[in-house]
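Contents: one structure, followed by commentary.
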Amino acid sequence: MNHPGHPRVSFPMLECLLTQGCALRIGEPDGTMKTLRLILADQLTRDLASLDDLATQDVALMVEVMDEATYVGHHKQKIAFLFSAMRHFAQSLAAAGVTVDYVRLDDEENTGSFTGEVARALKRHEPDRLVVTEPGEWRVREMMLGWSARFALPVDIRDDDRFFCSRARFARWAEGRKSYRMEFFYREMRRETGLLMRGDEPEGGAWNFDKDNRKSLPAGLRAPPRTRFEPDQTTRDVMDLVSARFADHFGDLETFGWAVTRDDALEAMQHFLSACLPLYGDYQDAMKTDEPFLFHSILSPYLNAGLLSARELCVSAEREYKAGRAPLNAVEGFIRQILGWREYVRGIYWLRMPHYAQTNALSAGRPLPWFYWSGETQMNCIKQVVEETRRNAYAHHIQRLMVTGNFALLAGVSPPEIEAWYLAVYADAYEWVELPNTHGMVMFADGGLLASKPYAASGAYIDRMSDYCGACAYDPKIKSGPRACPFNPLYWNFLIENRDRLRANPRMGMPYRTLDAMSEARREEISREAGVFLESLMHRAGPVQASNQLRLDI
Ligand code: FAD
Ligand code: DLZ
Ligand code: SF4
């Protein structure tokens with residue numbers, strides 16, 4: 001792979017045109033194959049497999065389509081971010097001399113689907129073949145696999161080589177293993193890439209410094225201010241479009257401040273490296289009211305959409321360590337999220353789909369409580385996280401895992417319902433990364449393929465890692481009664497309800513021993529209180545999101 005940011009193809013000067021769906025014709029050298037190259041919203045880099053052998057007569061096709069904007073009710077900022085980043089990327093390709101056919105959402109003839117727009121583009125350009133980079137979602141790949149027969153045209157679906165670990169490489173790693181633990185995968189990736197390695201040994205003598213990464217925030221420590229990228233005219237146009245067409249979608253739009261170009265994403269990356277990375281590890285698990293970002297990078301939307309590459313981020317973080325500007329616990333922790341977790345969840349996704357999404361190991365089936373959309377709850381932790389999510393299209397990992405995720409796990413929410421929520425509300429959400437995190441890590445719906453035990457916790461964990469409890473109607477130290485933190489009875493009730501499934505898990509031995517030591521009367525009280533609380537959640541339904549139904553357009 002070439003260094004990110006440098007085109008691995010040279011872009012010949014062509015007549016270039018940023019069309020709005022109208023036909024585009026350029027001179028074709030005789031006897032040369034003409035290729036239509038579809039670039040998706042999360043493939044916004046010139047270092048893309050489908051642009052490898054770009055030739056003068058080729059056309060790059062980019063399409064804003066209603067189906068993709070509504071197959072879940074995406075956060076308004078997510079749609080605005082992607083459409084604006086797509087338009088900027090198209091402009092940069094065109095400026096580099098590539099012929100770009102760009103279809104806008106409000107183009108009159110827009111059919112609203114990838115398949116429909118490819119069909120129209122084939123008529124406009126009459127290419128000899130279609131080239132795509134494999135998409136990040138199984139649903140879209142299935143759609144693409146039908147195109148060759150449907151259009152009677154060769155369709156080349158290329159591996160997405162923006163990842164450290166190819167799908168084939170992951171399958172080799174997984175073969176014959178009884179369990180797929182991220183830690184072992186990560187060590188192989190460290191060895192293969194040489195990141196934070198001294199010969200065959202890990203830098204600092206250990207693979208993982210997580211024991212140093214669970215500090216609570218000292219009073220008075222403020223997180224560095226973040227750069228807000230002022231929307232330019234292109235972004236403002238897209239924001240108007242989103243306001244008009246997606247008014248009923250979740251999320252605030254006026255707070256939009258995402259970078260929408262590679263240059264601005266690079267600026268965000270530099271800011272993170274210098275201002276946040278040094279303390280990233282120490283306070284990685286901390287949560288604080290009105291500090292939605294703390295020392296996190298907020299780079300996932302750029303990474304996932306292609307504006308930044310995983311490799312450049314890891315190499316840049318390692319450089320900070322080598323230069324003595326960031327400590328090892330921070331840099332190792334950060335690199336592990338990308339080289340370890342990000343690559344690992346992608347590997348699991350492609351290894352196990354489509355069956356992965358269908359498992360429900362804990363037989364969870366309750367509807368998603370309305371407050372995931374409204375934030376209207378007395379539980380201050382959930383209220384804070386939902387409100388930040390609405391405002392920013394962002395919550396950091398521990399908020400997703402241990403607040404909204406933990407609650408969904410303990411309350412036994414139906415996996416598809418909570419998965420559709422996570423896929424909708426975050427600017428970085430794509431199924432390849434969202435699904436394993438939600439289905440596996442949060443909901444344990446895969447029965448422990450991804451996590452060795454459920455990430456279930458009572459109110460004490462949230463109290464230790466945040467300041468949320470101080471301003472809550474409930475008390476994390478009270479175990480029963482109306483002022484008891486709901487996470488407390490729900491936690492023990494979760495263990496009671498899932499005893500047959502979890503009791504034998506060696507990592508669950510301690511909580512089950514504590515549960516077994518309780519009196520029968522106490523266990524009954526827990527079940528009763530949890531039941532009353534869970535019942536109260538049923539009395540108000542959340543917004544019916546018709547668009548939350550995943551569907552295939554094959
Ligand atoms: P940082 O803390 O700065 O981490 C650096 C980078 O590491 C992130 O940008 C991200 O690319 C990567 N990373 C960190 N943790 C993970 C992880 N568990 N899996 C994959 N990559 C990781 N991440 C997404 O990118 N898209 C999603 O749709 C998504 N859904 C999630 C759903 C749930 C229920 C949970 C628990 C986690 C989810 N994550 C998802 C993972 C993680 O929460 C986000 O990547 C992270 O919060 C993004 O913020 P950041 O860039 O500030 O991360
Ligand atoms: C998420 C999304 C949205 C909102 N809109 C588009 C779009 O209009 N055009 C497009 O190419 N992709 C979009 N996406 C991303 C897709 O839904 C899908 O997640 C990725 O293309 C999978 O690689
Ligand atoms: Fe959340 Fe319970 Fe703390 Fe309230 S007391 S903020 S519900 S953990």
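Listed values, structure above:
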{"item": "From 130, 122, 153, residue being in the same structural domain as residue 51 (by TED's automatic domain parsing), on the phi < 0 side of the Ramachandran plot and out of contact with any Asp or Glu (no Cβ under 9 Å at 6 or more places or on another chain)", "result": "122"}
{"item": "Tally of residues being within 13 Å of ligand 2 (Cβ to nearest atom) and open to solvent by less than 10 Å² (accessible area, probe 1.4 Å) across region 80-100", "result": "6"}
{"item": "Single unsatisfied condition, residue 367 versus (1) touching a strand residue (DSSP E or B) at 6+ places or on another chain (Cβ under 9 Å); (2) within 16 Å of ligand 3 (Cβ to nearest atom); (3) in contact (Cβ under 8 Å) with a residue 60 or more places away in the chain", "result": "(2)"}
{"item": "Among the candidates 453, 479, residue that is of a type in the set (Lys, Arg), away from ligand 2 (no atom under 15 Å from the Cβ), free of Cβ contacts under 8 Å to residues at least 12 places away in the same chain and not assigned by TED's automatic domain parsing to the domain that holds residue 182", "result": "479"}
{"item": "Tally, over region 63-79, of residues that are near ligand 2 (Cβ under 7 Å from one of its atoms) and either of a type in the set (A, V, I, L, M) or closer than 17 Å to residue 386 by Cβ (or both)", "result": "6"}
{"item": "Unique match (being at pLDDT below 95 and either of a type outside the set (Asp, Glu) or exposed (fewer than 14 other Cβ atoms within 10 Å of the Cβ) (or both)) among 223, 247", "result": "223"}
{"item": "Segments classed as helices (runs of 4 or more DSSP H), wholly inside region 259-358, with at least 2 members that are farther than 30 Å from residue 380 by Cα and open to solvent by 10 Å² or more (accessible area, probe 1.4 Å)", "result": "262-271, 300-305, 310-322, 328-335, 343-352"}
{"item": "Test: residue in region 397-409 that is closer than 28 Å to residue 253 by Cα, out of contact with any strand residue (DSSP E or B) (no Cβ under 8 Å at 6 or more places or on another chain) and away from ligand 3 (no atom under 16 Å from the Cβ)", "result": "yes"}
{"item": "Region 421-431, residues that are assigned to a helix (DSSP H, G or I) and either open to solvent by 10 Å² or more (accessible area, probe 1.4 Å) or within 14 Å of ligand 3 (Cβ to nearest atom) (or both)", "result": "422, 431"}
{"item": "Candidates 187, 191, 139, filtered to the one that is touching a Phe, Trp or Tyr at 6+ places or on another chain (Cβ under 9 Å), more than 16 Å from ligand 2 (Cβ to nearest atom) and at pLDDT 95 or above", "result": "187"}
{"item": "Any hit, region 433-453, residues being within 16 Å of ligand 3 (Cβ to nearest atom) and either assigned to a loop (DSSP other than H, G, I, E, B) or surrounded by fewer than 22 Cβ atoms within 10 Å (Cβ to Cβ) (or both)", "result": "no"}
{"item": "Enumeration of residues in region 226-244 that are crowded, with 21+ Cβ neighbours inside 10 Å and either modelled with pLDDT under 95 or polar (S, T, N, Q) (or both)", "result": "235"}
{"item": "Hits in region 472-524 (condition: open to solvent by 70 Å² or more (accessible area, probe 1.4 Å) and either within 25 Å of residue 375 (Cα to Cα) or in contact with a Cys (Cβ under 7 Å, 6 or more places away or on another chain) (or both))", "result": "477, 479, 482, 483"}
{"item": "Residue 195 closer than 23 Å to residue 433 by Cβ, of a type in the set (A, V, I, L, M, F, W, C) and out of contact with any helix residue (DSSP H, G or I) (no Cβ under 7 Å at 6 or more places or on another chain)", "result": "no"}
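The values are calculated or read from the model by the stated rules, or taken from the named source; none is laboratory data. Keep in mind that what you see is a predicted model, and the values were worked out from it rather than measured. Here Cβ is always computed from backbone atoms with ideal geometry, including for glycine, and neighbour counts include all displayed protein chains. When the accessible area is computed, the model is the full protein with side chains, heavy atoms only, and any ligands, DNA or RNA have been set aside. Shrake-Rupley method; radii C 1.70, N 1.55, O 1.52, S 1.80 Å.
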